[in-house]
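Worksheet: one structure, shown below.
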Amino acid sequence: MPPTPTKIAQKDRSQQRQKAMIADHYERLARIPESGEKSVYTFVPGNLTELVRSFGLLPVLPEINALQSAMRGKSKEYIAIADRPGHSEDVCTYVKCDYGMMKSGNVGPTGERLPAPDLLLLSYTGCFTFMKWFEIQGEEYDAPTGMLHVPYQAGGRITEPMRQYVVAQLRDKVIPALEQVSGRSYDEDRLAECLARSARAEDDLVAVLESAKHRPSPIDAYFGGVYYVGPIFSAFRGTDDACHYYRELRQEVEERMRLGLGPVTPDGQLTRERFRLVVEGPPNWTNFHEFWRMFADEGAVCVASTYTKVGGVYDTGFRHDPSRPLESLADYCMGCYTNLNLPSRVDLISRYLVDYDADGLLIHSIKSCNSFSAGQLAMLREIEQRTGKPGGFIESDLVDPRYFSAANIKNRLESYFQMIEQKRPGAAS
Ligand code: SF4
């Protein structure tokens, strides 16, 4: 799932910092054959970055490598490599892109080679594809898999037995696997220090996301949002770098808000906010800037999005808690957006529509991501009924450029914006 895109649209200090953080991380990964450090491959939702880092291990996030490949125009050739041995067109294209990248020398987003995994840490199973993905990686690299089964929030809440079920697995399975790979013993104080840093960064991230309640919104919480969640959803949660990044970002956004500025888009400052949208679903990565421009050109600003919650829902109050490290990690894993049942997602989105004073909900449905796309039309109908705000629906794919039809999406967006205009109070009927 989520991102740390290569092409930074807004050259603020925070974004320069993020770029440098990513470059340093990938350089360190590339040096592993000489340095002897170890890497752990793991997925974004429910990742255990603080725990991994507390053992001195370096995280690698395959979804991020896939989306980065798409942004660099490499995913088409990688997916073609996966098509040849018969990976069906319905398979998640992140997997196919990653497979093609592996078969092409495993060169990461910065052009440097990624190390083979020392451990595949499957810390989330809300999407069945994750398991099959690591089966492929396991075969390719002959690497061990550490498994954390995270119960789905079917009843809409986390119960104590669910929490203890996850904590027991962390203690009995995951921590021993990390001890074995790293050669170090579990150090709960060290983990708690990482979690305290996470909580600080999470506070600042929430302030950034909530700035979109302001008119005009100083941020785009979907297209800009994917840059903002990059460090916290990936290899950096719990680090000093992440704390510095989020503090700096918050200061920049608060300054924009104070000056009454809108978000920065691929073509510069948005000067007139015409539509305020809540967006459900991941973005398209192959044509990311073209897609963003379709909104920016119409003065449409995304004021809240669900995609920026797949690696953690912090704006409802969750923070990593150093006073109960393993319980807190368990709650984090179970609380990720795609681990919420559909009624909880409907509640969350309906609340966003009201709290962010949005004009409507737009769903961007992803052809190859069943995990995200299932139930979206039912959610749309329910939310329209509940809030009275119009819904829109567009489709493309994550990283397969064959499924991005610019004309089609643009047409649908234009109709949707017209519908919003017609439904405004005082509009001619
Ligand atoms: S199907 Fe969706 S949730 Fe599952 S791995 Fe692919 S992109 Fe992620």
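Specify the residue with the greatest mean-square fluctuation among Ala196, Ala374, Ala300, computed from a Gaussian network of the chain linking alpha-carbon atoms under 10 Å apart.
Maximum among the listed residues: Ala374.
Considering Cα pairs under 8 angstrom that are at least six residues apart, work out the relative contact order of the stretch 198-244 and quote it in whole percent. Show your work: numbers first, answer last.
Details: 29 pairs, mean separation 22.1, N = 47.
The value is 47 percent.
Positive end of the charge dipole of the stretch 226-315 (Lys, Arg +1 and Asp, Glu -1 on Cβ, about the Cα centre): tell me which of Val278, Gly262, Met294 has its Cα farthest that way.
Val278
List Thr42, Thr316, Thr271 from most exposed to least, where exposure is judged by having the fewest other Cβ atoms within 10 Å. Write down the numbers at each step before the final one.
Working: Thr42 30, Thr316 12, Thr271 9.
Neighbour counts put them in this order, fewest first: Thr271, Thr316, Thr42.
Would you mind telling me the antiparallel percentage of the DSSP bridges in the chain, rounded to 5?
Details: 3 of 28 bridges.
Here the share of antiparallel DSSP bridges comes out near 10 percent.
Quick one: dipole size for the stretch 282-429, taken about the Cα centre, charges +1 on Lys/Arg Cβ and -1 on Asp/Glu Cβ, in debye to the nearest 20.
Dipole magnitude for the stretch 282-429 comes out near 200 debye.
Contact order normalised by length for the chain, with contacts defined as Cα pairs under 8 Å and 6 or more residues apart; what percent is it? Could the numbers behind the result be given before it?
Working: 783 pairs, mean separation 84.0, N = 429.
Reported relative contact order: 20 percent.
Determine the sum of side-chain charges near Arg163: Lys and Arg each +1, Asp and Glu each -1, restricted to other residues whose C-beta is under 9 angstrom from that of Arg163. If you can, show how the numbers build up before the last one.
Values: positive: none; negative: Glu160, Glu327, Asp331.
After counting each charged neighbour, the total is -3.
In the stretch 63-116, if the dipole is taken from +1 on Lys/Arg beta carbons and -1 on Asp/Glu beta carbons about the Cα centre, which of Ile81, Thr110, Gln68 is farthest to the positive end?
Thr110
Could you line up Met101, Met419, Met379 from fewest to most neighbouring Cβ atoms inside 10 Å?
Values: Met101 25, Met419 14, Met379 21.
Neighbour counts put them in this order, fewest first: Met419, Met379, Met101.
So which aspartates and glutamates pass the test for Lys173, namely a Cα distance under 20 Å, with those fewer than 8 places away in the same chain ruled out?
Glu50, Asp118, Glu135, Asp142, Glu160, Asp187, Glu188, Asp189, Glu327, Asp331
Of all trypsin sites (Lys or Arg not before Pro) in the stretch 217-300, which ones are in loop regions per DSSP and have a Cβ with at most 10 other Cβ atoms within 10 Å?
Arg272
Taking square-rooted eigenvalues a ≥ b ≥ c of the alpha carbon gyration tensor, is the stretch 313-429 rounded, prolate or oblate, where a/c under 1.5 means rounded and, failing that, a/b exceeding b/c means prolate? Please report the intermediate quantities before stating the final value.
Numbers: a/c = 2.73, a/b = 1.51, b/c = 1.81.
Taking the square roots of the gyration eigenvalues as a ≥ b ≥ c, the stretch 313-429 is oblate.
Just how large is the dipole of the chain about the Cα centre, in debye to the nearest 20, putting +1 at every Lys and Arg Cβ and -1 at every Asp and Glu Cβ? Present the calculation step by step, with values, prior to reporting the outcome.
On the way: 50 positive and 57 negative charges, 152 e Å.
Dipole about the Cα centre, nearest 20: 720 debye.
For the stretch 258-326, what is the charge dipole size about the Cα centre, in debye to the nearest 20, if Lys and Arg each add +1 at the Cβ and Asp and Glu each add -1 at the Cβ?
280 debye
Roughly how many whole Å is it from the C-alpha centroid of the stretch 284-331 to that of the stretch 104-141?
23 Å
Which ordering of Lys74, Lys132 is given by a fewest-first count of other beta-carbon atoms within 10 Å? List each step's numbers first, then the result.
Working: Lys74 20, Lys132 13.
In order of increasing Cβ crowding within 10 Å: Lys132, Lys74.
Throughout, read-outs are computed from the coordinates displayed, never taken from laboratory work. Here the structure is a predicted model, which is why all the values come from computation and not from measurement. Because the Cβ atoms are built from the backbone with ideal geometry, glycine has one as well, and the counts that use them run over all protein chains shown.
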